[in-house]
Each structure stands twice: as structure tokens, then as C-alpha cells.
Amino acid sequence: MGAPPDLAKAETTGKEHGRLETRTITTSAEGVPHLRWPGAAQGARIERTRRIGDKQSVEIAYIVTSLPAAVAGPERLLELSRGHWGIENKLHWVRDVTMNEDRCRVRAGARALATLRNLVLWLIRSRGLSVPEARENFREDRAEAVAIVTGQNLSMALGPLHAQAPNQVSGG
């Protein structure tokens, strides 16, 4: 038994963040009929080898895609895989680390909460702030956070009552 006749391979190497990373993908549609996976067009094996100093790690992932080889050959699938990790690193990791999303125990309404977190991240980034910087700013000045969400300046909306000390009572 030899290699599948449609076996295709691509490899990229990059040096970023102080590490050397080689990504190799091998694709084939040969096994698809045995998968019983509706819409599957091809499968692939992605091997990521990272070298940091004298330490090396290897990670292997298997994927199934509905994209046929004529539309997405191994180079394109490797590109798409890298794009997926960009989303993971830019969005999901940020939601987990800065907003403690993985520790949230809400099950009913979890999708709505994720949408709200995405909105908050967009609002923060659209103002050119980093997430930690924005959290610190908004912790100190909640009126600024409300103004960003509503488009209204909270201190203007509250008027003179906002300027009073918390223990003062209005009236005569």
C-alpha cells in the first residue's frame, strides 16, 4: 500500500517572536469516503515544529475541509490554518485572558455574553486603546465607559447632581 495518488504537500518556515517555526501540511481526498462526514472534500495533516533556543516542540493537527483541492490546495489550506490561529490569538485568547471568559460559568446566554465581549473589544480597539489600558481607564472613570457605549457624556446628562459630594443631599 503506497501513498495516495493525490497526496500533496506544502511547507512554510517563519522566524517570529524569537522562535523558528516550520509548518508542513499534507493533503489528500483519498480517505474522505471513509469519514462519513457530510460535505468533506479533503483531509490534511498539519505538523508544526517550533524551535526556541535549543528546545524543540512538535504539534500535529488533523483537519477535514469542505474545500476541494482545486479550490484550496495545500498552500491555501496552510494559509487558512494560520489565519484561524490569528483569530484565536487576537480574539479568543484576549477574551479569555482579559475578560476571564473561560472562568465564566454562565451557560444560558453564553453566546449573548460572547457577543457583548466582542462589542467591547471592538469599542476599545476602535479608539486606539489596548485592552489592559482601557480596563484600567474605565475602572477609574466609569462615565467614560458609559460615554463610549452610549455616545453620551454621563456627567452632562446627570447635570449638577453629579458634581455634588456623595454624602450631600439635594433639597432645602
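Here Glu59 qualifies as surrounded by fewer than 17 Cβ atoms within 10 Å (Cβ to Cβ) and over 13 Å from Ala10 (Cα atoms). Considering only the stretch 48-58, I want to know if a residue exists there that is part of a loop (DSSP other than H, G, I, E, B) and small (Gly, Ala, Ser). Among the residues of the stretch 48-58, at least one is part of a loop (DSSP other than H, G, I, E, B) and small (Gly, Ala, Ser), which makes the answer yes. If you go through the stretch 15-45 and keep only what is in contact with a Ser or Thr (Cβ under 6 Å, 6 or more places away or on another chain) and of a type outside the set (Gly, Ala, Ser), you end up with Thr22, Arg23, Gln42, Arg45.
Within the stretch 113-147, the residues that satisfy the criterion of being in a loop (DSSP other than H, G, I, E, B), exposed (fewer than 14 other Cβ atoms within 10 Å of the Cβ) and not small (Gly, Ala, Ser) are Arg127, Asp141. Here are the criteria: (1) modelled with pLDDT of 80 or more; (2) more than 14 Å from the chain's Cα centre (by Cα); (3) exposed (fewer than 14 other Cβ atoms within 10 Å of the Cβ). Tell me which single one Ala110 does not satisfy. Tallying (1) modelled with pLDDT of 80 or more; (2) more than 14 Å from the chain's Cα centre (by Cα); (3) exposed (fewer than 14 other Cβ atoms within 10 Å of the Cβ), Ala110 fails exactly one: (1).
Within the stretch 80-107, the set of residues being at pLDDT 70 or above and within 29 Å of Pro68 (Cβ to Cβ) comprises Leu80, Ser81, Arg82. When the stretch 13-45 is filtered for residues that are small (Gly, Ala, Ser), under 18 Å from Val64 (Cβ atoms) and not in a loop (DSSP other than H, G, I, E, B), the ones remaining, listed by number, are Ser28, Gly43, Ala44.
The values are calculated or read from the model by the stated rules, or taken from the named source; none is laboratory data. Just so it is clear, the model here is predicted, and its values are computed rather than measured. Ideal geometry is used to build each Cβ from the backbone, glycine not excepted, and the neighbour counts take in all protein chains shown.
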